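Have a look at the structure below, then the notes.
Laboratory data are not the source of any read-out in this text; all were calculated from the coordinates shown. Being a predicted model, the structure only gives us computed values, none of them experimental. Counting neighbours? That spans all protein chains shown, and the Cβs are built from the backbone with ideal geometry, glycine included.
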Amino acid sequence: MFSGLSSVFRSVMRLSLVSQIALGIAAGVLLVIISPEAAGSVALLGQLFVSALKAVVQDSTETALNSSTDMLFTAAACHRAEARQE
């Protein structure tokens, strides 16, 4: 029994992160349809996952914004320095 679950787990881990998330959403929807009581007991796990995902996305967005702003200021400073030399 556990060896079958282990092989399924290994197969899922080979998928991309987006595919894993889509698979998890589909499994959650299927669980709600099949057994709403069981779905209620794992709702906290889903909420924790969504919160963690939001934190990662927010951090990545802030990092990208800071990097692009730094690049813009650096380009402006280089342009001004070149203009002064002319």
Original post:
How many of the residues in segment 10-26 are surrounded by 10 or more Cβ atoms within 10 Å (Cβ to Cβ) and either hydrophobic (A, V, I, L, M, F, W, C) or in contact with a strand residue (DSSP E or B) (Cβ under 8 Å, 6 or more places away or on another chain) (or both)?
Top reply: 7
Subject >> Any hit, segment 28-38, residues being surrounded by 11 or more Cβ atoms within 10 Å (Cβ to Cβ) and under 19 Å from the mean Cα position of the chain (by Cα) >> reply: yes
